[in-house]
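Since the structure comes first, as structure tokens, the remarks are kept for the end.
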Amino acid sequence: MKYFSFIILIVAVIFVQQSVAQSIYLDELDLSAMECGWGTPEANKSVEGNPLIIAGQKFEHGVGTHAVSTFLLNLDGKGKRFTAFVGVDDEVVPEKASIQFYVVGDKKVLWESGVMKKPDAAKKVDVDISGVKLLGLLVTDAGDWIDYDHADWCDAKIELTENIPLADIVVKTKVEPYILTPKPSDLPKINGANVFGVRPGNPFLYTIAATGKRPMTFSAENLPDGLSLDGATGIITGKIIKEGEYKVTLSAKNVFGNARRELRIKVGSQISLTPPMGWNSWNCWACSVDDAKVRASADAMVSSGLINHGWTYINIDDCWEIKPDAKEPELQGELRDKNGMINTNKKFPDMKALADIVHSKGLKIGIYSGPGPLTCAGFTASYQYELQDAQRYADWGIDYLKYDWCSYSKIAKDRSLPELKKPYQVMRDALSKVPRDIVYSLCQYGMGNVWEWGEEVGGNCWRTTGDITDTWSSMSGIGFNQSGHEKFAGPGHWNDPDMLVVGLVGWGPQLHPSNLTPDEQYTHISLWSLLCSPLLIGADMSRLDDFTLNLLTNDEVIEINQDPLGIQARRIFNEDGKQIWMKEMEDGSKAVGLFYPDLSDKKEPASYFSWGEKKSAKTILKGTDIGISGKFKVRDVWRQKDIGVFENQFETEVPYHGVVLLKVVKKH
Ligand code: GAL
């Protein structure tokens, strides 16, 4: 009898354990592996951190995400049922969002919601998942853009037949960062732009970018009259009065040897002969930027060694001015002084001193304003004070101005071309009156095809798109859409697909590592280099990790961006999810990016997931597609390694969302 009760007890315990343990809520899982097209997935909250609400119905449990979103779960055949309520979160404006939910089991669609918008009621999901090994939860943008696509999986629950430890369920598809580029050697090597434009009589600042063991000494032959070089730092300053082209031979010397390279200085009307390279505060600090953070960024530009690869600008974005009606005391004050000269807020106590510090390191400094009365973040902008502002920037020693449309939308009569051009021409005229070379960066998100007239209004670069974020859909959507703009770029005038989202980003003060995978980051830097885009690092400069530094310090990649011909890459192949972009280089070689972005809209739901396999695509580069017949030499630019000599075509595997970046040259 005793023995019998014991068996009953064991059976009961097993039964209780099973019936208790087999329900898992989605919000209990490690959401870091969930892909999310914007922001970060949240447990028991919407993607913006609000309570989960679909068409007025509130849910305690669930996950808030954003299209395109994928989550792959390993159920090992132990699944029973998946239930949830899905829909667009109430936090978005009606009619803007359109999303579609899918439940995919082992590559087969088990359930789909159809297109859902706000204010559709939550749809109930109840799916038999028995036998399913890998369960994929997918939210797509329903075939349009991802804007406003806030998606909720509410009360989402997986019932199992057997226990699986929570930690084993989530399939981690994220690839660890991997470094491709060898470290620079101890030998001296001169890097960065080898052509430099300056206007006659304006202050000149150029720092010889050189890698190699320190101490290093610098010298220059044929330096034009009016310039002098600091042999210990490599910083060249002064003024050249006479227009013309000067060929200077730079050298950098250390105990291991001596490197020499020619620098062409062109004194004339054009500046920015190669795309500007530097840092901008927005993608990391947004409005939490202050003097200390800018100083720290300048320090880090030097201490990280980035300056030795040609990185130059330290650009302050929005939020340095006084904010009318600000609640925060440090942002309050008189907008301008009695002469109409703009004031800084208390976070920037002395802009001139800050500019001096930045210059003393051999770097340049940039600032931000806009043609309306207010900036995008509601701070004082330049409307009707353009000349005073240009003057103020010149007095401070500013080298770069980003000029952002924003509140000018209230001033412009309409969106006709003359109205779009007008405010940019006004500031151009003001900048031309001050004795300083200030790179003029237009920011109006591509309105009126700005690339067609940005040069005409005197822009050195112009944003071709809205704001970038650190997600695949944002970065790839922007980057791969630049095709066709190439004819508008050239020395002194560049298309700008927005700033880099690598390293620690977050629109501050809280930062997070870029949501782009390592392969996506290689794609980002390769594509922006091919596109002759301004390269503005959007990261916290004082905390650059090895992977990010590796992305930003490959001189052969930078050379593609800084090539003096300034010919923007064009797309020469776009099929089966693969793309090839090619850029002509001054030395007669071709820079070629083989990409596998897999962007097609009509994708099968199953193809959004990796299913635990590493995906890549076989890609063929035909010599004739890049104008080379017969034999050609191929170099892997990220690895800085020759691959070999090929005839007619070259074939390679390109990682999913990744790139193989090549330099190809005809073999004679
Ligand atoms: C946006 C601009 C961003 C950033 C921001 C500042 O309009 O596109 O890059 O400058 O304003 O408020």
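The values are calculated or read from the model by the stated rules, or taken from the named source; none is laboratory data. What you are looking at is a predicted structure, and each value in this text was computed from that prediction instead of being measured. Counting neighbours? That spans all protein chains shown, and the Cβs are built from the backbone with ideal geometry, glycine included.
For every residue, the table says whether it meets (1) touching a Cys at 6+ places or on another chain (Cβ under 9 Å); (2) touching a residue at least 24 places away in the same chain (Cβ under 8 Å); (3) under 28 Å from residue 172 (Cα atoms); (4) among the hydroxyl-bearing types (Ser, Thr, Tyr).
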position: 519; (1), (2), (3), (4): no, yes, yes, no
position: 527; (1), (2), (3), (4): no, yes, yes, no
position: 552; (1), (2), (3), (4): no, yes, yes, no
position: 558; (1), (2), (3), (4): no, yes, no, no
position: 561; (1), (2), (3), (4): yes, yes, no, no
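With respect to being within 30 Å of the chain's Cα centre (by Cα), over 21 Å from residue 540 (Cβ atoms) and surrounded by fewer than 20 Cβ atoms within 10 Å (Cβ to Cβ), residue 369 falls outside the description.
Within segment 539-592, being out of contact with any Phe, Trp or Tyr (no Cβ under 7 Å at 6 or more places or on another chain) and at positive phi holds for 566, 576, 588. Looking at the structure I just gave you, is residue 201 of a type outside the set (A, V, I, L, M, F, W, C) and closer than 25 Å to residue 638 by Cα? So residue 201 does not fit the description; no. In segment 485-514, the qualifying residues are those that are within 13 Å of the ligand (Cβ to nearest atom) and touching a Ser or Thr at 6+ places or on another chain (Cβ under 7 Å), and the one that is modelled with the lowest pLDDT is 508. With closer than 29 Å to residue 610 by Cα and touching a helix residue (DSSP H, G or I) at 6+ places or on another chain (Cβ under 6 Å) as the only criterion, which of 434, 505, 457 stands out? Result of the check over 434, 505, 457: 505. Identification of strands (runs of 3 or more DSSP E) wholly contained in segment 222-325 with 3 or more residues that are surrounded by fewer than 19 Cβ atoms within 10 Å (Cβ to Cβ), modelled with pLDDT of 95 or more and charged (D, E, K, R) yields 244-254, 257-267.
Within segment 390-400, not a single residue is within 27 Å of the chain's Cα centre (by Cα) and farther than 30 Å from residue 305 by Cα. The numbered conditions (1) modelled with pLDDT under 95; (2) outside the structural domain of residue 63 (by TED's automatic domain parsing) are all true for residue 163 except (2).
Scan segment 490-514 residue by residue and report those that are closer than 17 Å to residue 451 by Cβ and touching an Asp or Glu at 6+ places or on another chain (Cβ under 9 Å). Those that are closer than 17 Å to residue 451 by Cβ and touching an Asp or Glu at 6+ places or on another chain (Cβ under 9 Å): 490, 492, 493, 495, 498. The set of residues in segment 290-306 being out of contact with any Phe, Trp or Tyr (no Cβ under 7 Å at 6 or more places or on another chain) and away from the ligand (no atom under 16 Å from the Cβ) consists of 292, 295, 296, 298, 299, 300, 302, 303, 304, 305, 306.
Remark: pairs (first residue in segment 188-199, at positive phi; second residue aliphatic (A, V, I, L, M); Cβ separation under 7 Å; 6+ apart in sequence or on different chains) = 192/209.
Residues that are in a helix (DSSP H, G or I) and either charged (D, E, K, R) or within 16 Å of the ligand (Cβ to nearest atom) (or both): does segment 340-350 have at least one?
Pass one, segment 340-350, residues in a helix (DSSP H, G or I): none.
There is no residue in segment 340-350 that is in a helix (DSSP H, G or I) and either charged (D, E, K, R) or within 16 Å of the ligand (Cβ to nearest atom) (or both).
Of all the numbered requirements in (1) within 16 Å of the ligand (Cβ to nearest atom); (2) not assigned by TED's automatic domain parsing to the domain that holds residue 356, residue 287 misses one, and that requirement is (2).
Would you confirm whether any residue within segment 603-611 is closer than 24 Å to residue 311 by Cα and of a type in the set (A, V, I, L, M)?
no
So, residue 576, is that one surrounded by fewer than 22 Cβ atoms within 10 Å (Cβ to Cβ), more than 13 Å from residue 480 (Cα to Cα), over 18 Å from the mean Cα position of the chain (by Cα) and at pLDDT below 95 or not?
On the way: surrounded by fewer than 22 Cβ atoms within 10 Å (Cβ to Cβ): yes; more than 13 Å from residue 480 (Cα to Cα): yes; over 18 Å from the mean Cα position of the chain (by Cα): yes; at pLDDT below 95: yes.
Yes.
If you check 132, 103 for being in contact with a Leu (Cβ under 9 Å, 6 or more places away or on another chain), assigned to a loop (DSSP other than H, G, I, E, B) and under 15 Å from residue 609 (Cβ atoms), only one passes: 132.
Which one of 642, 625 is more than 24 Å from residue 262 (Cα to Cα), surrounded by fewer than 21 Cβ atoms within 10 Å (Cβ to Cβ) and in contact (Cβ under 8 Å) with a residue 24 or more places away in the chain? So that I can check it myself, show each step before the final result.
Details: 642 fails: in contact (Cβ under 8 Å) with a residue 24 or more places away in the chain.
One residue alone meets the criteria, 625.
Evaluating residue 453 against the criteria (1) within 22 Å of the chain's Cα centre (by Cα); (2) closer than 20 Å to residue 485 by Cβ; (3) not basic (Lys, Arg) leaves one unmet condition, (1).
Is it the case that some residue within segment 357-369 is farther than 24 Å from residue 304 by Cβ, modelled with pLDDT of 95 or more, within 15 Å of the ligand (Cβ to nearest atom) and not in a loop (DSSP other than H, G, I, E, B)? Checked against the condition, which is being farther than 24 Å from residue 304 by Cβ, modelled with pLDDT of 95 or more, within 15 Å of the ligand (Cβ to nearest atom) and not in a loop (DSSP other than H, G, I, E, B), segment 357-369 yields at least one hit. Summed over segment 80-94, residues that are modelled with pLDDT of 95 or more, in contact with a Lys or Arg (Cβ under 9 Å, 6 or more places away or on another chain) and not acidic (Asp, Glu) total 8.
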